[in-house]
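For reference, the structure discussed in these notes is given below.
Each reported figure results from applying straightforward, stated rules to the coordinates on display, with no laboratory input. Predicted, not measured: the structure shown is a model, and the values here were computed from it. Positions of Cβ are generated from backbone atoms using ideal geometry, with glycine treated the same way; all protein chains shown enter the neighbour counts.
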């Protein structure tokens, strides 16, 4: 996906001509689905395998890849990271435009009310798809929807309107205005707000009930860049890692970086396995999902007065009325051919409706609750050994218990002639171990470039209260009738817009900063997290938890230009021809002079890797003074015995703002089985500019 050609040039005509050559003139017009022509150069077409190979061999084609499908990966959260309502603000915040690439938006939400907002910023070049069921305002200043094949699922709305809830949730988390007394049936009650409440929102609907397609993602990037947005937020990812220029999200983020726009990406929900992260390009911000100190718990009261605490977001009130309690394994749907080995897990149609109706059912596995609801159950107790660090909502009363407590309840059922129970409405407790990264949050190391640490940073992503679509219900499941303006959900999809909001906040104070400078500010001011509650250490949380107020004035930044990324890519094996097509710059080339190693990319973190044994790497870095004009920073190193970190020089003395000074870091490590880590901090007595330093093994 190359840069848009300069000068008097018809991109669409060129695309049509190439297609005619590849598929013939008769098929070319029907084959072409999208032409990307506003910000970069490429197109989407229906091709046979033979036509694909023919097109790939043509001069000027960087790559041809399938139209893959991606998946969608707060009353307390902002306060928890030290970002209160009365945080310092700049009037420039109202000129910040946050692009949300997601499932659309519910424009009537109070989070998107435009009372008090003036017209859109003069730089805005986008449009709004206005229809009978959708209009923009001075808060939501633009909105579009994308579906290359035109086949919108019946359950979806063919407009920017959100019928899923996800897009409204992420948009309000990043830039929603303050809404007092927001809650989900009084759960999580407080003031819902985005990181930049005065900022504008541009909506690009790329996701539908059947997923998010690559062709639509690129089309949205193309428009968002040309529309002159400031930050792009994308809580979407693939299911496996791809090389940088085979990954549409990395491609789109590269072009946004070229145009001065930072892309904030969710790390993914495939953790805690190693290298499960799928959004890891060095020019984007990769965000892990962490826990706040508010945890939703749901108690189960048995007929013997014993109480067991599980996790869920349960809004239903059973008013402590006891119901018959049955074990799924004891009530199989024999008539349909099921036995206890099926019904114990409460799989679809495995339960005997006559024996389950009006009861609370115990299931030996976490499920979505629809099978017991369909069987007529009043509630469900689920028990297994899965992680309990986040809570799901269900279409009926549910509590998700540990195996130990579940076994105790089963013993009660087997020893009591008429066992009974009730599931109470959820309450909140303080999670004293917070912050720590959620079990589902995708982990590093970086699967493509092992010596670039990923994820970059962590942000709240668990049990987040934010706006919701009223075209759906709390769960979206059949049988759920709860239509709500605010909902509680979890995922790195929720952590990403927190980082987006923080990045937009930093930009409002520093409007001329590059994407890399904003990213550096967020990373080097992040609050360190504990390895005691995060055994995967930096592979879980990156540089730590976001601290927006500190990030607005970091003291020093590690800046990276497009040319620096080109040098890095040369060192990664990309050739001159490919790079020129990608960048659109004929001066881009791979030579000995710019064939840089990964250790020379001016990244705000440091990573070394090897299969085993001892390894030494030398990193070269340059920092830019954005703090006090005259200042002296001294290096402080923290490291375990197996890790040696030497900095040269150990003092940096600045005489002016914008001055750049360079240093080297020599890291020697005895490679462990997993990860060892230390840190480098540049300290002038006011600012502490911290970078993690890690060493790890690879297979």
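List of remarks:
- Approximate spin-label separation residue 20-residue 634, in nm, with each point projected 7 Å along Cα-to-Cβ: 7.2
- Approximate spin-label separation residue 478-residue 408, in nm, with each point projected 7 Å along Cα-to-Cβ: 3.8
- For residue 56 and residue 593, a Förster radius of 25 Å and the Cβ-Cβ distance give a FRET efficiency of 0.25, rounded to the nearest 0.05.
- Reduced Cα scattering model of the range 548-595, Debye log10 I(q)/I(0), q = 0.19, 0.20, 0.22 Å⁻¹: -0.59, -0.62, -0.69
- Ranked packing of 457-463, 197-203, 520-526, most packed first, by mean Cβ within 10 Å: 457-463, 520-526, 197-203
- Mean-position separation - Cα centroids, the range 275-328 and the range 110-184, in angstrom: 29
- For the range 255-359, the fraction of alpha-carbon pairs in successive 5 Å shells from zero, as %: 2, 9, 11, 10, 11, 11, 11, 10, 9, 6, 5, 4, 1, 0
- Virtual paramagnetic centre 7 Å along Cα→Cβ of residue 299, amide N under 20 Å, in the range 380-411: 380-383, 391-392, 397-410
- Kirkwood hydrodynamic radius over Cα pairs of the range 116-260, then Stokes diffusion coefficient at 25 °C and 0.890 mPa s, in µm²/s: 148
- Between the beta carbons of residue 306 and residue 87, assuming R0 = 51 Å, the FRET efficiency works out to 0.65 to the nearest 0.05.
- When the helices of the chain are scored as -39500 (n - 2.57) per DSSP H run of n ≥ 4 and the total is divided over every residue, the value at 222 nm lands at -5500 deg cm²/dmol.
- Estimated D of the chain in µm² per second, where Rh is the Kirkwood radius over Cα pairs and Stokes-Einstein applies at 20 °C, 1.002 mPa s: 81
- Pairwise FRET efficiency - residue 561 versus residue 688, Cβ, R0 = 22 Å, nearest 0.05: 0.30
- Going by neighbour counts of Cβ atoms within 10 Å, the residues 234, 556, 351, 657 line up, fewest first, as 657, 556, 351, 234.
- Distance (nanometres) between label positions extended 7 Å along Cα→Cβ at residue 512 and residue 123: 1.3
- Whole-Å distance, taken between Cα centres, linking the range 396-451 and the range 452-529: 24
- The three principal axes of the Cα atoms in the range 296-430 give end-to-end lengths of 46, 29, 25 Å, sorted in falling order.
- Order of 390, 240, 221, 619 - criterion: other Cβ atoms within 10 Å of each residue's Cβ, fewest first: 240, 390, 619, 221
- One compactness figure for the range 474-534 is 1.66, namely its Cα radius of gyration divided by 2.2 N^0.38 Å.
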